[in-house]
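The values are calculated or read from the model by the stated rules, or taken from the named source; none is laboratory data. These numbers were taken from a predicted model, which means no experiment stands behind them. Cβ sites come from the backbone with ideal geometry, for glycine too, and all protein chains shown count toward neighbours.
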Amino acid sequence: MNRCLGCNRWLPEGVRTCSARTCPAFGPTWARDTRRRLLENLRLARLSVMFSLTAPGADEYPFDPAHCRHAPEVKCSGPAGCRVDRELAYLFNSTAGKRWSALHRASKVCADRATGYKGRLLARVWEKQKRGLAHLHGVIAVGQPEELAWARAYLVALRGLAPRYGFGFVDGWEKVSRKFWPGDQAGAYLSGYFVSGRGRKASLTDNVLDGDLPRVPVFVGRHLTSQTRVTMRSLRHVRKLWAFRVGRIPRLALTPEDALVASALLDRVPLARAP
């Protein structure tokens with residue numbers, strides 16, 4: 001057995017490269033695959049809205065004075081370089097995933113009952129605020145009247161229930177409805193958080209390496225991936241197919257179906273088209 005040169009993990013027999021997203025050597029590959037997964041799946045959505053969900057404010061998660069570098073008369077804030085106490089931030093971030101799942105289920109039940117339509121999230125992405133706490137961005141389809149009604153009911157429920165599950169601010173419908181995004185634009189916006197970052201924000205790859213974001217930092221709905229077939233697994237197969245074609249590996253250990261999907265993705269032949 002060999003060790004990964006990037007993260008020092010033991011690799012299984014016959015495996016030459018690490019595939020852990022927390023590995024510094026594999027992280028950039030994971031980020032590129034994740035970006036493509038978002039872009040190709042969200043392009044199926046004709047119109048969408050995006051919302052944000054944050055941690056509670058400084059009254060519950062105060063800033064740690066040890067990280068402050070500003071003058072005493074300046075108010076603490078993330079943009080000013082202030083950070084929440086590391087242990088307190090870890091406690092919030094490490095439980096945020098489970099609390100979000102419970103909050104989402106409760107909000108979906110409310111929206112389903114209010115509208116008679118079973119709506120679904122298209123995607124959601126976790127990233128870190130500058131103060132060190134996990135911050136969620138979600139995407140909802142609004143291309144059809146029933147989707148629009150469900151999105152509104154869902155966000156109303158989400159905003160009302162968020163404090164019960166330990167979260168803070170949620171974008172209200174009056175804000176998110178000001179701009180409807182084509183799905184591919186929403187995907188491009190979200191992917192900017194972890195491919196190259198925005199302003200001084202850390203990329204999602206860097207955040208994942210910190211180890212305290214929720215276990216699944218990026219989610220894409222199965223109702224999308226079942227059409228496009230663009231998943232992390234299929235994109236891994238694409239890399240294997242490319243390596244086989246250029247002679248870097250002696251044989252291609254894929255099923256005929258997996259090889260066909262990988263070939264279509266490698267040659268950029270869309271497996272599903274936007275409506």
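Data overview
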| read-out | value |
| --- | --- |
| Search result, residues across region 98-132 that are part of a helix (DSSP H, G or I) and polar (S, T, N, Q) | 101, 107, 115 |
| Subset of region 138-147 (residues that are touching a strand residue (DSSP E or B) at 6+ places or on another chain (Cβ under 9 Å) and part of a helix (DSSP H, G or I)) | 147 |
| Cβ pairs under 8 Å, 6+ apart, first in region 233-252 and farther than 17 Å from residue 264 by Cα, second in a helix (DSSP H, G or I) and among the small types (Gly, Ala, Ser) | 249/243 |
| Among the residues listed as 215, 245, 251, 236, the single one being surrounded by 13 or more Cβ atoms within 10 Å (Cβ to Cβ), more than 21 Å from residue 49 (Cβ to Cβ) and either at pLDDT below 85 or of a type outside the set (Gly, Ala, Ser) (or both) | 236 |
| Residue within region 85-97 that is free of Cβ contacts under 8 Å to residues at least 24 places away in the same chain, closer than 30 Å to residue 232 by Cα and in a helix (DSSP H, G or I) present | yes |
| Selection count where residues are surrounded by 23 or more Cβ atoms within 10 Å (Cβ to Cβ) and at positive phi, scope region 103-157 | 1 |
| Selection from region 36-75 of residues that are modelled with pLDDT under 95 and among the β-branched types (Val, Ile, Thr) | 74 |
| Some residue of region 116-124 being at pLDDT below 95 and touching a strand residue (DSSP E or B) at 6+ places or on another chain (Cβ under 7 Å) | no |
| Filtered residues of region 115-147 (kept if of a type in the set (Gly, Ala, Ser) and touching a residue at least 40 places away in the same chain (Cβ under 8 Å)) | 123, 132, 134, 138, 141, 143 |
| Odd one out for residue 75 among (1) under 16 Å from residue 161 (Cα atoms); (2) over 17 Å from the mean Cα position of the chain (by Cα) | (1) |
| Selection count where residues are of a type in the set (Phe, Trp, Tyr) and within 20 Å of the chain's Cα centre (by Cα), scope region 166-175 | 2 |
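Residue-by-condition table, conditions (1) assigned to a loop (DSSP other than H, G, I, E, B); (2) under 26 Å from residue 92 (Cα atoms):
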residue	(1), (2)
18	yes, no
21	yes, yes
24	yes, yes
30	no, yes
39	no, no
44	yes, no
50	no, yes
71	yes, no
